[in-house]
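Bear in mind that the values in this text are calculations on the coordinates, not laboratory data. Only a predicted model underlies this, so the values are computations on that prediction, with no experimental measurement involved. Neighbour counts run over all protein chains shown; Cβ positions are idealised from the backbone, glycine included.
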């Protein structure tokens, strides 16, 4: 009998699989960026973390509610200044500017972009990072932006609160397929036990949404892959918290195995060498040899997109 050295995750395909031409909106923690960037590099129709990294389920839900509201008026965002820059507490810190009017215009345009993509997307992948939230003047913020800690109150969301925020979004989006994951990145500042309580709250909330909405809501076991399968510290970065490149690759394989239909998996295999070729940094980018190499590679890319009927303006680089 072969010695078993791992408790491997069962790779059960989702009931609704992602196809080559289907739009995917990815939202949530920094782990979402790894998957969204990977899919985008392969010229799939994705929009990843448009508001920036959002760790808690309330900030993600509130952002979606703002974009999807029938009563929206495109009213100005509430901006606050700190050290010469303006910030929105509904956005990640990457959305800031020295000019408040410029930032307002950017944020309104951003919501319009998300709204347009939402209408075309078939799948929404959400990675929840923590149940802990910070409140300022009674409202949950997406990011504290290094404002004084005295301005915020920290608390943990309940399962009921999370479900209550997401139920109206999912109920009003019956044509969308929601895939929830829980980030395997441990929030060690909460203490290991506190981190486990936070992750457990997220898992229970997703379970409740699955029971409420059936096939429309599914769960991808990324958290279990890291915690129960890839338990060796070689799968973690030097900080012993974030996943290593090897672990991220394992997560990508899980996504492909469980979320992609057979045609998309085949496309990803054929696209991979072209992606790597275009990412190659030549010693002499002005040489005739490299120019010819680049031209040939782009021609192969165009032919691949035509082969898989991915030639709309949404595809390509």
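Please compute the contact order of the range 39-172 in relative form: average sequence separation of alpha-carbon pairs under 8 Å and at least six residues apart, divided by the residue count, as a percent.
Values: 142 pairs, mean separation 39.3, N = 134.
Relative CO of the range 39-172 lands at 29 percent.
Given the options 150, 158, 245, which has the most mean-square fluctuation in a GNM of the chain, springs set between C-alpha atoms less than 10 angstrom apart?
Result for the chain, Cα springs under 10 Å: 150 fluctuates most.
Tell me, what is the percent relative contact order of the chain, built from C-alpha pairs under 8 Å that lie six or more residues apart? Please report the intermediate quantities before stating the final value.
Working: 439 pairs, mean separation 69.4, N = 317.
Relative contact order here is 22 percent.
If you take every DSSP beta bridge fully contained in the chain, what fraction is antiparallel? Give it as a percent rounded to 5.
In the chain, DSSP labels about 40 percent of beta bridges as antiparallel.
For each of 147, 178, count neighbouring Cβ atoms within 10 Å of the residue's Cβ, then give the residues from fewest to most. Walk me through the numbers on the way to the answer.
Details: 147 16, 178 22.
Arranged by neighbour count, lowest to highest, 147, 178 become 147, 178.
Considering only C-alpha atoms, what is the centroid distance from the range 159-221 to the range 240-317, in Å?
Spelled out, the Cα-based centre of one part sits 31 Å from the other.
If contacts are Cα pairs under 8 angstrom and at least 6 residues apart, what is the relative contact order of the range 1-94 in percent?
Working: 75 pairs, mean separation 21.0, N = 94.
Relative CO of the range 1-94 lands at 22 percent.
Let me have the 222 nm mean residue ellipticity of the chain computed from DSSP H runs of 4+ only, each contributing -39500 (n - 2.57), with the sum over all residues rounded to the nearest 500.
Numbers: 8 runs with 133 residues, N = 317.
Mean residue ellipticity, 222 nm, calculated: -14000 deg cm²/dmol.
By average Cβ neighbour count within 10 Å, what is the ranking of 130-136, 8-14 from highest down? Before the final figure, lay out the partial values.
Details: 130-136: 19.7, 8-14: 12.4.
Going from most to least packed, we get 130-136, 8-14.
Enter the Cα centre distance for the pair the range 75-92 and the range 101-131, rounded to the nearest angstrom.
About 17 Å separates the Cα centre of the range 75-92 from the one of the range 101-131.
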